[in-house]
Amino acid sequence: MPELSAVFEFHGDLTTLLRPRWRNVHPIVQPVTRRASVKDVIESFGIPHTEIDRITCDNTEVDFSFPVNYGQRFNIYQVLPPWNVFQPTKLRPDPLKRIRFIVDVNVGRLARYLRAAGFDTLYNYHWDDNQIVNLIMQENLIVLTRDLGLLKRKQVQFGRYIRADRPIEQLREVMQLLNLEKEVKAFSRCLDCNRYLQHVSKEEIMHRLEPLTRKYYDSFSMCQACNKIYWSGSHVEEMRRFFR
């Protein structure tokens, strides 16, 4: 190792998130030219802190604020499923009290799939990064995005850079990461506004139903916030099979 340098070894698929110039360099030997925390140095390589589960310096576990000095060797490990966000760790001493997501516009369709599975999910395609961060400062939320810059914001403690392309696979990715398979409450929330649905009798909404819907369906739910009506059509049954 060159003098006045530190070594950084990234494990798992963290290497895919490195900036292009570092992607095929293993390990990375970096000159130490200024005083900086290990979090700042890692993120300068392109990887947001939300993707990291554990950091060791010369085989001793350290936190994000640990200062980097020359002659040190760091191993950086990715978050792996099942991720227990309720358990305090060295990097995240303040765990979550509940699972609640906030989704940005980069993976906006994922929000509807999460709501379809019954998970509390905030989403508005008008929100920019600053508005999302403001919401996180009010309540600690899990950020789901493909915006690495958003995940590097210091206010974001829990987040995921979504790897999958198709929304249904993105949902699978999130559920497997957080071990949520047993927490599914299919079609209990409104897909548009995230509120819980309530059963409504067919007679109450008969005047709002199309003739074929009126003829073939008898069980309905309605969102009390936006008054949208739901019933178990073919697309619902397809999603139920996916959840099973």
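Just so you know, all these numbers are worked out from the coordinates, no wet-lab data involved. No experiment lies behind these values; they were computed from the predicted model shown. Neighbour counts are summed over all protein chains in view; Cβ atoms, including those assigned to glycine, are modelled from backbone coordinates with ideal geometry.
With only the Cα atoms considered, segment 77-120 has a convex hull volume of 108 Å³ per residue.
Looking at segment 101-183, the pairs of alpha carbons with a distance over 20 Å make up 25% of the total.
Within the shell of other residues whose beta carbon sits under 11 angstrom from the beta carbon of K152, the net charge comes to -2, with Lys and Arg scored +1 and Asp and Glu -1. The order of C57, C223, going from fewest to most other C-beta atoms within 10 Å of their C-beta, is C57, C223. Any number yet on Rg/Rh for the chain, C-alpha, Kirkwood? Radius of gyration relative to Kirkwood radius: 1.09. When only alpha carbons are used to place a centre, segment 40-89 and segment 171-244 end up 41 Å from one another. Under a model in which nothing but the beta-carbon of Lys, Arg (+1) and Asp, Glu (-1) is charged, the chain shows a dipole of about 380 debye around its Cα centre. Principal-axis analysis of the Cα atoms of the chain puts helix 234-243 at an angle of about 40° to the longest axis. For the chain, the 222 nm mean residue ellipticity estimated from helices alone, with every DSSP H stretch of n ≥ 4 adding -39500 (n - 2.57) and the total spread over all residues, rounds to -6500 deg cm²/dmol. A protection proxy built from the mean count of other Cβ atoms within 10 Å ranks the segments 132-144, 30-42, most packed first, as 132-144, 30-42.
When peptides 191-198, 171-178 are ranked by their average number of other Cβ atoms within 10 Å per residue, the highest-first order is 171-178, 191-198. Neighbours of I162 by Cβ distance under 15 Å: Lys/Arg scored +1, Asp/Glu scored -1, total 0. Over the Cα atoms of segment 5-78, the radius of gyration divided by the Kirkwood radius equals 0.91; this is the Rg/Rh ratio. Under the simplified labelling scheme, the H26-R195 pair shows an inter-label distance of 5.1 nm, with each label point 7 Å from Cα along Cα→Cβ. Need one word for segment 197-243: rounded, prolate or oblate. Basis is the Cα gyration tensor (sqrt eigenvalues a ≥ b ≥ c); a/c below 1.5 gives rounded, then a/b vs b/c decides. Oblate.
Of the residues G149, G159, Y216, the one whose Cα sits farthest toward the positive end of the charge dipole of the chain, with +1 on the Cβ of Lys and Arg and -1 on the Cβ of Asp and Glu, is Y216. The label point for Q131 and the one for E183, both projected 7 Å from the Cα toward the Cβ, are 2.6 nm apart. How much net charge surrounds K185 when only other residues with a Cβ under 11 Å from its Cβ are counted (Lys, Arg +1; Asp, Glu -1)? Within the 11 Å Cβ shell, the charges total +1.
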